[in-house]
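Below is one structure, written out as structure tokens; the observations come after it.
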Amino acid sequence: VLGDVLKGDVYALAREINREKEVIPPRVLEKPPSAELRPDQRDEDDLPPYRLLDPIVKAFVEEGKTPRELLQEGLPENIVREVLRRLRLEEYKRWQFPPTLRVTPQAFGYGWRYPLAQRFFFEKF
């Protein structure tokens with residue numbers, strides 16, 4: 001199960017796969033990302049754009065940067081707060097993941113475990 005790749009990297013990987021021969025239909029790559037939990041849902045209706053979301057998740061999860069360090073890099077505070085809030089609130093879902101193929105140095109799954117009931121997850125901004 002591929003569960004360790006950011007959305008932008010998934011699209012880059014798909015384009016690379018299609019470089020010599022079209023394996024993945026263009027309609028798949030052109031369709032807006034969606035969890036498909038409700039009709040006509042699009043990820044960016046509920047999430048920041050992936051051009052902002054992916055760097056925050058990568059820096060926090062893979063690189064181990066603190067919220068303060070993310071802000072020092074010039075990332076928008078409101079988006080950093082929202083992304084990290086969602087990471088904390090959705091932790092229970094990651095505990096339910098099946099084992100995934102790990103391709104990054106630090107990943108969700110066995111490489112990432114935080115207590116489900118905790119108040120100390122983030123330092124104060």
Straight-line reach from LYS7: which lysines fall under 27 Å, measuring Cα to Cα and dropping same-chain residues less than 8 apart? LYS21, LYS31, LYS58, LYS65, LYS93
Where GluC sites (Glu not before Pro) fall in DSSP loop in segment 1-45, at most 11 other Cβ within 10 Å: GLU20, GLU22, GLU36
Which trypsin sites (Lys or Arg not before Pro) from segment 64-101 combine a DSSP loop assignment with at most 10 other Cβ atoms within 10 Å? none
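Bear in mind that the values in this text are calculations on the coordinates, not laboratory data. Note that this is a predicted model, so its numbers are computed, not measured. Cβ atoms come from the backbone with ideal geometry, glycine included; neighbour counts cover every protein chain shown.
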